[in-house]
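The values are calculated or read from the model by the stated rules, or taken from the named source; none is laboratory data. Note that this is a predicted model, so its numbers are computed, not measured. Note that each Cβ is placed from the backbone with ideal geometry, even for glycine, and that neighbours are counted across all protein chains shown. These accessible areas exclude ligands, DNA and RNA; they are computed on the full protein's heavy atoms, side chains included. Shrake-Rupley method; radii C 1.70, N 1.55, O 1.52, S 1.80 Å.
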Amino acid sequence: MEVIIRPTAASAAALTANLIARALHDQPTLVLGLATGRTMERVYAELVRRHREDGLDFSLCRTFNLDEYVGLAPDHPDSYRQYMNALLFRHVNIDVRNTHVLNGVAPDLAAECARYERRIAECGGIDLQLLGIGSDGHIGFNEPLSALLSRTREKALTPSTRRQNAALFGGDEGRVPARALTMGVGTIQESRRCLLLVTGREKAAILARAVEGPITAMVTASALQLHPRCTVIIDEDAAVDLQGSEYYRWVFATEPEWAEFR
Ligand code: F6R
C-alpha cells in the first residue's frame, strides 16, 4: 500500500483521474471497477473533460460498478446506474453494453450476484478498481463484520451509511434503501490494482484506522493492506490523523514512478 497526500480534494481527484486515464491509454480494453458517491463526482468530471479535450477513448473499456441499492430499478433516478449515466457514461464514448451495474430489482438477487461474478471472470477480472471509504470504514457496501473473503452479495446497510448517503436522497435518511448488493471484499481484493480516494476532515479518523490500524472486519477498508497494489490518494484534510505522513510524502516526492504525477 502507498499513501499519496495532495493539497486539496480537487488535486487528489485530479491525480486519481490521471491514473485512470493513463491506465486506459496504456490498455484500451481496460476492465475498470467504478464507485459512486460524492467523492467520485470530481473524478468523473475530470475524466469527461479529458475525453472532450484530449480525446480520452472509452470505446473498448469495460466497467463494473461496486454496488447498487436493493429495490431501485436501473431507471430509478436515485439508482447508481443513473448516477453513472449522469456523471460519466452519457458524456464519453463508452458502449453502454460494456457497462455493468448490479440490478437491484432482479427477481433472484443471489442469482444476480452470482451472474455478476461470472461476468467479471468472463471479462478477465478487474484491472483497476476505484474505491471510496464510508464513514463506517466500508469499501463498496461491505459494512462492518463483512467477511474479508466475501463475494458479491446482498448486505444490510448501517445507520451510519444511510445517514452518510442521505444527501443523495434529498437529505432524507428514511428514503435511503436499507439494503444493497455489493461486490465482496474478496471480489475487490482480486482486482489487479486498487485506487482508494478519500477526502475531507470527516474521513480522517476512519482512514487512519483503515491504513495504519489492524486488519479487521470492523473496518473492511483495512483489508486493502493485504492488496499487492493499492494506492491511497487523499487530501491534507483526510491526512490529519495519520502517523506516517512524513514517510508517505517523502516516497511520493522521490520515487521515480511518481515523477510525472508530482
Ligand atoms: C459507492 C461505494 C461506497 C462509497 C463510500 C464513500 O459505490 O462503494 O463505498 O465510496 O460510501 O461515499 P462518499 O464519497 O459519498 O463519501
State, to one decimal in nm, how far the label point of LEU149 lies from the label point of VAL240, with both points 7 Å from Cα in the Cβ direction.
4.0
Tell me which cysteines of the chain come out unpaired when the rule is another cysteine's Cβ under 4.7 Å.
CYS61, CYS113, CYS123
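Translational diffusion coefficient, Stokes-Einstein: compute it for the range 37-89 using the Kirkwood radius over C-alpha pairs as Rh, at 20 °C and 1.002 mPa s, and state it as an integer in µm² s⁻¹.
175
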So what is the 222 nm mean residue ellipticity for the chain from helices alone, if each DSSP H run of at least 4 adds -39500 (n - 2.57) and you divide by all residues, rounding to the nearest 500 deg cm²/dmol?
-9500 deg cm²/dmol
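Share of the range 1-158's accessible area from carbon and sulfur, percent, 1.4 Å?
On the way: 3350 of 6330 Å².
After summing per-atom areas, the C and S share lands at 53 percent.
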Residue-span extension gain [ILE215 to ALA110] - 0.36 nm each, minus C-alpha spacing
35.0 nm
For the range 138-259, just list the percent of Cα-Cα distances falling in each 5 Å bin from zero outward, please.
2, 11, 17, 21, 20, 15, 8, 4, 2, 0
On a full-extension model of 0.36 nm per residue, what is the gain between ARG119 and THR29, subtracting their alpha-carbon distance, rounded to one decimal in nm?
30.9 nm
Can you grab the distance from the C-alpha centre of the range 189-210 to the C-alpha centre of the range 99-121, Å, no decimals?
25
Suppose all protein chains stay in the model; what accessible area per residue would a 1.4 Å probe give for the range 119-262, in Å²?
43
Determine the dipole magnitude for the chain: charges of +1 sit on the beta-carbon of Lys and Arg, -1 on that of Asp and Glu, nothing else is charged, the reference point is the Cα centre, and the result goes in debye to the nearest 20.
320
Provide the convex hull volume over Cα atoms per residue for the range 90-145, in Å³.
151
What's the ranking of 98-110, 18-30 by average number of surrounding C-beta atoms within 10 Å, highest first?
98-110, 18-30
If packing is taken as the average count of other Cβ atoms within 10 Å, what order do 167-173, 114-120 fall into, highest mean first?
114-120, 167-173
If you take the charge dipole of the range 1-121 about its Cα centre, with +1 on Lys and Arg Cβ and -1 on Asp and Glu Cβ, which of TYR116, ALA17, ASN98 is farthest toward its positive end?
ALA17
Solvent-free Debye scattering, log10 I(q)/I(0), computed from the Cα coordinates of the chain at q = 0.08, 0.09, 0.11, 0.15 Å⁻¹:
-0.28, -0.36, -0.56, -1.10
How large is the accessible surface of ARG262 in square angstrom, using a 1.4 angstrom probe and rounding to the nearest 10?
120
Any chance you could tell me what percent of the C-alpha pair distances in the range 11-143 go past 19 Å?
49
